[in-house]
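Notes for the one structure printed next.
The values are calculated or read from the model by the stated rules, or taken from the named source; none is laboratory data. Since this is a predicted model, take the numbers as computed values, not measurements. Glycine gets a Cβ as well: all are built from the backbone with ideal geometry, and neighbour counts include every protein chain shown.
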Amino acid sequence: MTRSVSNIIMRNVLNRLKNDGINPKPIIDYCGISDYEIEKLNGRIPESKHYRFMLKANQYIEPINEIFLEKVIERSFRNFPDFISICLNEETAENALDVFMRYRVIIGNCDNILKTESFNKKRFEYVNMGPEQLGATQAIHNFIMIYSIAKSYQHDLSVEIGFIGKPRSKSFLLDDFFKTKCLWGQESNYICFKYADISISSGIYNPTLHILQENRLNEICSELELTDRFSSLIKDMIKKSISEDQYTNDHGVLDHICNTLNISRWTLNRRLQNESASFLSLLKDVKVKESCRLLTESAYSIQEIGDYMGFSSQSVFSRFFKSHVSVSPMTFRAQHKNQ
């Protein structure tokens with residue numbers, strides 16, 4: 001799976017910029033990010049665009065503020081309900097932190113968190129795999145979530161926490177939040193828990209629900225493996241062009257997609273070639289599948305379906321359909337009429 005981040009993260013940052021009175025459009029344009037990538041349901045932002053955006057956005061916003069430290073679990077649940085739900089349904093805080101590590105790819109996989117264990121402590125080290133200029137910014141966000149999850153099991157937590165770099169503006173808020181003095185200028189970003197704190201049984205574990213939650217998260221991760229491919233994004237955009245009646249001809253759809261993604265035809269084709277795909281093959285696949293769906297699920301006439309799919313005539317549509325499905329549209333509809 002390629003490195004990427006849920007577009008929910010970007011939408012949250014964009015909302016924060018707007019709330020602070022900052023116009024985010026120049027930032028979005030600078031980073032080459034399309035509205036489609038930002039708004040797409042369950043969308044992902046590629047690693048390169050994510051880091052470019054964060055570097056630019058961090059010039060305008062401070063990662064530490066009072067609002068961000070309030071209702072962390074509630075806000076995280078709104079963004080990633082399936083993921084946070086299982087983190088709150090474990091036997092111990094230790095198990096919750098382990099499941100957080102296992103499924104955090106749902107939020108993103110551009111970075112890494114290393115877990116080490118000693119006789120009486122469990123240590124998490126955040127490894128920034130992006131630009132050094134980001135400093136401890138991403139570590140702060142991750143540790144806030146990790147600490148909040150652990151605290152939902154045990155209110156009286158004692159942690160050791162350290163960050164690389166110099167103290168940030170309002171870093172005293174982190175001292176209040178973690179109930180300890182955060183150390184700066186460290187060799188790594190880390191948060192350390194005592195086993196005695198995180199190994200206490202919660203008494204709220206529901207094993208039946210946990211199985212369902214785990215199955216759902218495994219499904220989401222499997223879906224991410226499939227939809228993370230660039231070709232999946234292009235197929236979704238082709239479907240969207242057809243459903244929104246933006247289809248004029250093959251080249252028109254290609255130009256529309258390139259304009260939406262702010263990339264050239266050459267770049268689009270090169271990225272598809274890296275996945276052993278082409279625009280025309282994806283277009284053909286979408287046309288065939290959408291035609292089959294409309295023939296079986298709608299009352300549109302064959303002429304109307306052909307028009308909808310951008311064919312110049314019913315005969316042209318019928319020849320295209322038969323060449324790929326081996327039967328005519330009329331025969332296909334009759335065969336699937338009662339299914």
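Here are a few things to note about the model shown:
- Look at (1) more than 21 Å from residue 34 (Cα to Cα); (2) assigned to a helix (DSSP H, G or I) and you find that residue 275 fails only one, number (2).
- When residues of the range 180-216 are limited to those that are free of Cβ contacts under 8 Å to residues at least 60 places away in the same chain and of a type in the set (S, T, N, Q), the one nearest to residue 134 (Cα to Cα): 186
- Consider the range 175-186 and keep the residues that are touching a helix residue (DSSP H, G or I) at 6+ places or on another chain (Cβ under 7 Å) and assigned to a helix (DSSP H, G or I). The one that is nearest to residue 147 (Cα to Cα) is 178.
- Any hit, the range 142-161, residues being among the acidic types (Asp, Glu) and within 20 Å of residue 50 (Cα to Cα): no
- Residue within the range 116-127 that is touching a helix residue (DSSP H, G or I) at 6+ places or on another chain (Cβ under 7 Å), under 21 Å from residue 185 (Cβ atoms), modelled with pLDDT under 90 and not charged (D, E, K, R) present: no
- Being part of a loop (DSSP other than H, G, I, E, B) and either within 30 Å of residue 145 (Cα to Cα) or touching a strand residue (DSSP E or B) at 6+ places or on another chain (Cβ under 9 Å) (or both) is a condition met by no residue of the range 247-260.
- Condition met for residue 123 (among the charged types (D, E, K, R), buried (at least 18 other Cβ atoms within 10 Å of the Cβ) and in contact (Cβ under 8 Å) with a residue 24 or more places away in the chain): no
- Taken over the range 169-204, the criterion of being of a type in the set (A, V, I, L, M) and out of contact with any Ser or Thr (no Cβ under 7 Å at 6 or more places or on another chain) is satisfied by 173, 174, 183, 191, 196, 204.
- The helices (runs of 4 or more DSSP H) found wholly in the range 12-117 and carrying at least 1 residues that are in the same structural domain as residue 163 (by TED's automatic domain parsing) and surrounded by 14 or more Cβ atoms within 10 Å (Cβ to Cβ) occupy 72-79, 81-87, 93-103.
- Verdict on residue 169 being assigned to a helix (DSSP H, G or I) and either on the phi > 0 side of the Ramachandran plot or out of contact with any strand residue (DSSP E or B) (no Cβ under 9 Å at 6 or more places or on another chain) (or both): no
A quick yes/no check of all residues on (1) surrounded by 15 or more Cβ atoms within 10 Å (Cβ to Cβ); (2) of a type in the set (D, E, K, R):
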site	(1), (2)
260	yes, no
265	no, yes
273	no, no
295	yes, no
302	yes, no
309	yes, no
314	yes, no
319	no, yes
325	yes, no
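- Odd one out for residue 282 among (1) buried (at least 17 other Cβ atoms within 10 Å of the Cβ); (2) in a helix (DSSP H, G or I); (3) touching a Phe, Trp or Tyr at 6+ places or on another chain (Cβ under 9 Å); (4) without any contact (Cβ under 8 Å) to a residue 60 or more places away in the chain: (3)
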